[in-house]
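Rule-based calculations on the coordinates, nothing more; no lab input. Remember, it's a predicted structure, so these values are computed and weren't measured experimentally. Heads up, the Cβs are rebuilt from the backbone with ideal geometry, glycines too, and the neighbour counts pull from every protein chain shown.
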Amino acid sequence: MVAPPPGMEAYLEETAWRKGSPWGGNYSWLTPDQVVQNYHGIGREPDATGAIAVTAFWLSSPLALSRDDLLYIDGQIDDGDLTTGRFRTGFNGWPVYLVSKNP
């Protein structure tokens with residue numbers, strides 16, 4: 001688990017962040033440079049200030065989302081394409097949500 005950047009704590013419930021996602025796995029905060037380095041091919045929005053990734057590193061809480069689940073979520077909150085937009089898949093097909101200063 002990677003802690004969110006300073007100042008983000010006010011926007012995130014510390015206990016929810018530490019418990020992990022409701023779909024299994026745990027949350028990680030990625031800086032813009034980490035997004036480019038670690039999630040090859042997902043690019044970076046011009047105003048992205050980082051990303052929230054859900055990773056499946058916890059053996060006791062595996063990520064339980066299928067590709068169909070991810071496509072459904074993407075269709076509800078983004079552009080319906082897991083290779084573009086703010087909600088995408090990255091390393092190992094894990095979901096990544098790009099965060100920006102401007103919604």
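Among 88-95, 61-68, the peptide with the highest mean count of other Cβ atoms within 10 Å heads the list, and the full ranking is 88-95, 61-68.
Remark: spin-label model distance ASP78-TYR11 equals 1.6 nm, labels positioned 7 Å along the Cα→Cβ axis. Using 0.36 nm per residue and subtracting the Cα-Cα separation, the extra length available between THR31 and LYS19 on full extension is 2.2 nm.
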